[in-house]
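Engineer: I have a structure I would like to understand better, so I am pasting it below and will then ask my questions one at a time.
The values are calculated or read from the model by the stated rules, or taken from the named source; none is laboratory data. All figures in this text were calculated on a predicted structure; none of them were measured in a lab. Every residue, glycine as well, gets a Cβ built from its backbone with ideal geometry; the counts of neighbours run over all protein chains shown. Only protein heavy atoms, including side chains, enter the accessible area calculation; ligands, DNA and RNA are left aside. Shrake-Rupley method; radii C 1.70, N 1.55, O 1.52, S 1.80 Å.
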Amino acid sequence: DPGAAAAIRADLAEALGGDLRTLRPGSPEAAEVKRRLVARGEWSQYLEVGIGPDAEIFTKALPLSAVGHGSRAGVLRESEWNNPEPEVGLVVSSRGDIVGATLADDINLRDYEGRSALLLPKAKDNNASCVLGPFVRLFDRTFGLDDIRSTTVRLEVVGADGFTMSGASPHGQISRDPADLVSQLMGDHHQYPDGAVLLLGTMFAPVNDRGRPGWGFTHHQGDVVRISTPELGTLTHEVQHTQDCAPWDFGIRALMTNLARRGLLR
C-alpha cells in the first residue's frame with residue numbers, strides 16, 4: 001500500500017532507535033534489533049536481508065539481455081508503481097576477482113514486489129529492465145575498490161510532463177562491503193564460469209510524490225533517467241513499457257552462429 005509508506009517508515013525509525021547506518025549486518029547488535037522487532041510483530045523479510053547475516057542476492061538479466069547507454073528501458077505496462085535503482089555494478093571474473101566497475105539501473109516494479117516477495121522475478125527481470133554503461137572501467141593503480149566504496153551515485157529523472165527528480169546514493173553509507181557481497185555471490189557454493197556483473201544496491205529512496213500525495217514516485221513513459229559518478233561517467237536511458245522495447249532475441253546460440261559465419265571460431 002503506497003499510501004502507508006510514510007507511516008511505516010516513521011514507526012520503524014522509532015522501533016530501531018535511530019540511525020541504521022552504524023548497525024553492522026549479522027552483528028550481535030543487529031540480532032538484538034531483530035529480537036525487538038519480532039517482539040513488536042514488525043519483522044519482515046526485507047529487514048532480514050538488510051541487517052541479517054545473509055545478503056539478498058538474486059539473478060537478474062541473463063547473458064546478453066541487458067541494454068546499454070541510450071537505450072529504451074522497460075517497465076511492465078501493467079505496473080502502477082515502479083522506480084529506478086541507481087547502482088554501481090562490479091565486474092567479477094570467473095575466479096571471483098573484482099576487475100572493474102560500471103553503472104547500472106536495476107529497474108524495479110514496487111507494486112509486484114510489495115504484493116509478494118515471491119514475485120521478485122516478475123518485479124525485477126523483465127525485457128530491457130537492466131541497464132548497464134556507459135562503459136566498463138577496469139581496475140588499475142589509479143582506480144580500484146576503495147574508489148567504489150567512497151563514491152556517490154547520483155540520479156536525475158526528467159519527465160516529458162515536466163516532472164523532475166534527483167537524488168543520491170552515497171556508497172560510504174551502504175552497510176555491506178562490496179567484497180563481502182562478491183563472496184556471497186560466488187565461491188565454493190556457487191560459480192559463474194563466464195563471470196558476472198554484481199549490482200551493489202542503492203541507498204536512494206524515491207519518495208517524491210508524483211501525483212497522489214503520499215504515494216511517492218512512479219515512472220511515466222518518456223522519462224529520461226541519468227545515473228552518474230565522477231569515476232564512471234553518466235548512464236542515460238529512456239523509460240518505455242517493456243512490451244514496447246526491442247525484444248531480447250540475441251542469445252548464446254545467436255552469438256555462436258554469428259561468430260561461426262564470420263570465421264572467428266577456431
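Engineer: With LEU181, LEU198 as the choices, which residue is in a strand (DSSP E or B), surrounded by 14 or more Cβ atoms within 10 Å (Cβ to Cβ) and at pLDDT 95 or above?
Structural biologist: LEU198
Engineer: Being open to solvent by less than 50 Å² (accessible area, probe 1.4 Å) and in a helix (DSSP H, G or I): is that true of ALA254 here?
Structural biologist: The answer is yes for ALA254.
Engineer: Something else: If you check LEU132, LEU138, LEU103, which single one turns out to be open to solvent by 60 Å² or more (accessible area, probe 1.4 Å), closer than 25 Å to GLY233 by Cβ and touching a residue at least 12 places away in the same chain (Cβ under 8 Å)?
Structural biologist: Residue meeting the stated conditions: LEU138.
Engineer: Follow-up question, since we're still on this one. Considering each residue of segment 58-82, count those that are crowded, with 16+ Cβ neighbours inside 10 Å, more than 18 Å from ASP111 (Cβ to Cβ) and among the hydrophobic types (A, V, I, L, M, F, W, C), and give that number.
Structural biologist: The number of residues fulfilling the criteria is 3.
Engineer: Hey, among the residues in segment 210-251 that are in a loop (DSSP other than H, G, I, E, B) and charged (D, E, K, R), which one's most open to solvent (accessible area, probe 1.4 Å)?
Structural biologist: Only one residue fits best here, namely ARG212.
Engineer: A further question follows. What number of residues within segment 1-56 satisfy the criterion of being outside any loop (DSSP other than H, G, I, E, B) and either of a type in the set (Lys, Arg) or modelled with pLDDT of 80 or more (or both)?
Structural biologist: Residues of segment 1-56 outside any loop (DSSP other than H, G, I, E, B): 2-16, 20-22, 28-39, 45-51.
Subsequent filtering for residues that are either of a type in the set (Lys, Arg) or modelled with pLDDT of 80 or more (or both) retains 9, 21, 28-39, 45-51.
Final tally of qualifying residues: 21.
Engineer: If you scan segment 98-148, which residues turn out to be over 15 Å from HIS219 (Cα atoms) and acidic (Asp, Glu)?
Structural biologist: Of everything in segment 98-148, those that are over 15 Å from HIS219 (Cα atoms) and acidic (Asp, Glu) turn out to be GLU113, ASP125, ASP140, ASP146, ASP147.
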